[in-house]
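Have a look at the structure below, then the notes.
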Amino acid sequence: MALRKKSGIEESRKAIKRREHNRYFKTTMRTAIKKAVGSAGTDQEKTDISLAYKAIDKCSQKNIIHRNKAANKKSKMICAIKKLKV
């Protein structure tokens, strides 16, 4: 990005803010998924899965991740949970 012009400086500032905003949602999504997989077979399982689904859907709605990637993440999370239960 051209940092010699005023518009370039403004755009780089916006990009930094967007990156931080998106990083927050991605990390919360990842930790929710890890927590859901970790709670496989416990009493907390259903609530953790619903929270992970909520986090994934929120990232998808905000266009942080693509909707197909969101569907993939949900599917892989459920497969991992089923694998741990057996």
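A few points about this structure:
- In region 53-76, the residues that are touching a helix residue (DSSP H, G or I) at 6+ places or on another chain (Cβ under 6 Å) and of a type in the set (A, V, I, L, M, F, W, C): 55, 56, 59, 64, 65, 70
- Region 1-20: number of residues that are without any contact (Cβ under 8 Å) to a residue 12 or more places away in the chain and either surrounded by 12 or more Cβ atoms within 10 Å (Cβ to Cβ) or not in a helix (DSSP H, G or I) (or both): 8
- Every residue from region 39-63 that is out of contact with any Ser or Thr (no Cβ under 7 Å at 6 or more places or on another chain), small (Gly, Ala, Ser), surrounded by 15 or more Cβ atoms within 10 Å (Cβ to Cβ) and assigned to a helix (DSSP H, G or I): 52, 60
Bear in mind that the values in this text are calculations on the coordinates, not laboratory data. A quick note: this is a predicted structure, and the numbers were derived from the prediction, not measured. Note: ideal-geometry Cβ built from the backbone for every residue, glycine included; neighbour counts use all protein chains shown.
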